[in-house]
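The values are calculated or read from the model by the stated rules, or taken from the named source; none is laboratory data. Everything numeric here is computed off the predicted structure, so don't read it as measured data. Because the Cβ atoms are built from the backbone with ideal geometry, glycine has one as well, and the counts that use them run over all protein chains shown.
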Amino acid sequence: MKAHYPRAMSDTPLPPPSPALSPWTAFPKVELHRHLECSLRVATLKELARRAGIEVPDDERAFRDKFLVTTPMLDLETVLTKFLVTQKLLSSEEILERIAFECVEDAVREGIRILELRYAPTFVAQGHPHLSFESIHEAILRGITRARHLPVAVGLIAIIQRTRPLREAERVTEFAIAHRETLIGLDLADNEVGFDAKPFAPLFSKARQAGLGITVHAGEAIFAGSARAPIEAVENLGAQRIGHGLQIHNDPRAIEFFRARRIPLELCPTSNWLTNAVPSLSDHPFRRLMEQGVPVTINSDDPGVFGIDLVHEYDVLARDHRLSQQEFNQCNDVAAAASFIAHETKQKHWPRPIDKSLAPSLG
């Protein structure tokens, strides 16, 4: 069935991030949902585009219109298509190492102390036949290793693209299992509409048995069954966290399912607005879900392409949803407990004891 996306209430472009102006910059944060491929710095994006022979407008507004997503697009699929502009630039191990290092460095500037980065080997390799899964992963690891002196725990999650053939999903799963010493989890992402998650169930079962954490993009866009999709991700794929999942807000049974099992949602307010999953930032169900007992976490999703950062998300939630410091701490405590990074590693960088009782109940 074709997805339906409501018209956005505002098409005012997002301003460039200004973390130094926010009172939330130094606030200790956890980020569980950040895509490495779409986390390029603006300066790096401009440089790489020029090196690739792509025209980069001198006018800042024209640049943002061409390369970034700062106003609501038609739907999630349209946004994912625009990501391909950035993907073309991920053309060498040198570039991958650089963006991984810069991503960690930027996260620390945003006050992030526990950071999970995810990437799709098939997405990075597309159009770059000289890059293998192995060389891509090793380049990213080198970048993260260069940042090991920084005060942040970093983990990597491999993504299966649900829109690609199942044989590619099998390759990604086998790769993730073979590299479980340097990968902490497996994810299923891309457009949900018309791409059922059930065929991937055996792969996720195998990954979980191998010790990988499981997070699944589900219930992100608005479509028939979108509130049920996150439940199916838990029941069929063994998801311990849900990427987005905001569409459960209209289904009391789904809300109770996630409340009772303490399964966190990786919510990304600005991303959901830009993909037309919500009509406006103020209409995001973040507070409603939180007040109904659903574990919620705060994430930026694709900060480079969206022209934001995690501080921006805190500013939005403080301004539009009146989240207090105590409530931000609550979200971060949930995220710290739910992170797939080894407890001793993440505790080293977190300012208070991580409460293991906040972790999902999957019994």
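What to note about this one:
- When Leu115 is tested against the conditions (1) crowded, with 22+ Cβ neighbours inside 10 Å; (2) in contact with a Phe, Trp or Tyr (Cβ under 8 Å, 6 or more places away or on another chain), the lone failure is (2).
Residues are listed down the side, and each one gets a yes or a no for (1) surrounded by fewer than 21 Cβ atoms within 10 Å (Cβ to Cβ); (2) in contact with a helix residue (DSSP H, G or I) (Cβ under 6 Å, 6 or more places away or on another chain):
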| site | (1), (2) |
| --- | --- |
| Ala277 | no, no |
| Asp283 | yes, no |
| Gln292 | yes, yes |
| Asp309 | no, yes |
| His312 | no, no |
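- Check on Glu138, assigned to a helix (DSSP H, G or I), among the acidic types (Asp, Glu) and either touching a strand residue (DSSP E or B) at 6+ places or on another chain (Cβ under 8 Å) or closer than 20 Å to Glu174 by Cβ (or both): yes
- Long-range neighbours under 8 Å by Cβ, at least six apart or interchain, first residue over 16 Å from Tyr119 (Cβ atoms) within region 170-192, second part of a loop (DSSP other than H, G, I, E, B) and among the aromatic types (Phe, Trp, Tyr): Glu192/Phe223
- Search result, residues across region 218-275 that are without any contact (Cβ under 8 Å) to a residue 40 or more places away in the chain, outside any loop (DSSP other than H, G, I, E, B) and of a type in the set (Gly, Ala, Ser): Ala218, Ala229, Ala254, Ser271
- Neighbours by Cβ (under 7 Å, 6+ apart or cross-chain): first from region 50-62, assigned to a helix (DSSP H, G or I); second surrounded by 11 or more Cβ atoms within 10 Å (Cβ to Cβ) and of a type outside the set (Asp, Glu): Arg50/Val56
Quick grid of which residues meet (1) surrounded by 16 or more Cβ atoms within 10 Å (Cβ to Cβ); (2) in a loop (DSSP other than H, G, I, E, B); (3) touching a residue at least 40 places away in the same chain (Cβ under 8 Å):
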| position | (1), (2), (3) |
| --- | --- |
| Thr70 | yes, yes, yes |
| Met73 | yes, yes, yes |
| Glu77 | yes, no, yes |
| Leu84 | no, no, no |
| Leu89 | yes, yes, yes |
| Ile95 | yes, no, yes |
| Cys103 | yes, no, yes |
| Asp106 | yes, no, yes |
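- Given (1) hydroxyl-bearing (Ser, Thr, Tyr); (2) assigned to a loop (DSSP other than H, G, I, E, B); (3) crowded, with 22+ Cβ neighbours inside 10 Å, index of the condition Thr163 fails: (3)
- Criterion (among the β-branched types (Val, Ile, Thr), at pLDDT below 90 and in a loop (DSSP other than H, G, I, E, B)) met by exactly one of Thr12, Thr25: Thr12
- Some residue of region 259-269 being over 30 Å from Arg64 (Cα atoms), modelled with pLDDT of 95 or more, touching a helix residue (DSSP H, G or I) at 6+ places or on another chain (Cβ under 8 Å) and surrounded by fewer than 23 Cβ atoms within 10 Å (Cβ to Cβ): yes
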